[in-house]
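Reviewing the structure listed below.
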Amino acid sequence: KRELDMLLATGEQVSIALMASAFCAKGQPAVSFTGAQAGIKTNDKHSKASILDVQACQVKQALDEGKIVIVAGFQGITAVSYTHLTLPTDLGQITTLGRGGSDTTAVAIAAGLKADMCDIYTDVDGVYTADPRIVPGAQKLDEITFVEMLELARLGAGVMQPRAVEYGEHNGVAIHVRSTFNDVPGTIIREEY
């Protein structure tokens, strides 16, 4: 699983480097960061790691310098405990976060930056009472609590990954689920509404 994580992480890294290069070519200052460079520390559960901590110092510095910051989602690096090192391989290993890892990364970076809200862009314009692609009468919710969203996610609603919702709840970061394709306000997931 370690080698699979090494391989899977490269796809995200190629994408962020190409995106940053495209912005720079258009005269917009941009920088890309791997999960490790963005300060995302995880446990050692390869292919389904959990984020333990985010130290987004480099991300904040780049933003303060006016740069567009592009962070590789879906990945991090194992936290290192220098008092318990036994082998050189104990030094930070690349991990991937599993399904929904990019949403979880976005919420974690928002928490690391002490942001109040994280916008998640998806193929629907919010959280609905049912899947709007299947149920024509589904109603979009303006707001929903973290607890309610977790229940929907655990029952199969694919709009948000449960770990992203949990990370937002535990770190006080509201999540705004909205469409990639329009500017319509989406659904805000928060503690209470």
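The values are calculated or read from the model by the stated rules, or taken from the named source; none is laboratory data. Quantities reported herein were computed from a predicted structural model and do not represent experimental measurements. Backbone-built Cβ (ideal geometry, glycine too); neighbour counts: all protein chains shown. Accessible surface is based on the protein model in full, side chains and every heavy atom, while ligands, DNA and RNA are left aside. Shrake-Rupley method; radii C 1.70, N 1.55, O 1.52, S 1.80 Å.
If only one of GLU143, GLU151, GLU169 is open to solvent by 30 Å² or more (accessible area, probe 1.4 Å), at pLDDT below 95 and not polar (S, T, N, Q), which one is it? Before the answer, list the steps.
Working: GLU143 fails: at pLDDT below 95; GLU169 fails: at pLDDT below 95.
So the residue among GLU143, GLU151, GLU169 that is open to solvent by 30 Å² or more (accessible area, probe 1.4 Å), at pLDDT below 95 and not polar (S, T, N, Q) is GLU151.
Applying the selection to the stretch 112-162, what residues are more than 29 Å from ALA62 (Cα to Cα) and small (Gly, Ala, Ser)?
Within the stretch 112-162, GLY126, ALA130, GLY137, ALA138, ALA153, GLY156, ALA157, GLY158 qualify.
Give just the number: which of (1) touching a strand residue (DSSP E or B) at 6+ places or on another chain (Cβ under 8 Å); (2) loosely packed, with under 15 Cβ neighbours inside 10 Å does ASP64 not satisfy?
For ASP64, the exception is condition (1).
Scanning for something open to solvent by less than 30 Å² (accessible area, probe 1.4 Å) and closer than 30 Å to ARG154 by Cα, does the stretch 43-50 turn up at least one residue? Break it down stepwise before answering.
Of the residues in the stretch 43-50, the ones open to solvent by less than 30 Å² (accessible area, probe 1.4 Å) are 49.
With the extra rule that they be closer than 30 Å to ARG154 by Cα, the set shrinks to 49.
Among the residues of the stretch 43-50, at least one is open to solvent by less than 30 Å² (accessible area, probe 1.4 Å) and closer than 30 Å to ARG154 by Cα, which makes the answer yes.
Kindly list, by first and then second residue, each pair from a residue in the stretch 150-176 that is farther than 15 Å from ASP119 by Cα to a residue that is outside any helix (DSSP H, G or I), limited to pairs with Cβ atoms under 6 Å and residues at least 6 apart or on different chains.
ALA153/MET160
Can you pull out the residues in the stretch 112-140 that are closer than 23 Å to HIS170 by Cα and open to solvent by less than 50 Å² (accessible area, probe 1.4 Å)? Break it down stepwise before answering.
Filtering the stretch 112-140 down to residues closer than 23 Å to HIS170 by Cα leaves 112-122, 126-127.
Hits for the stretch 112-140 are GLY112, ALA115, CYS118, ILE120, THR122, GLY126, VAL127.
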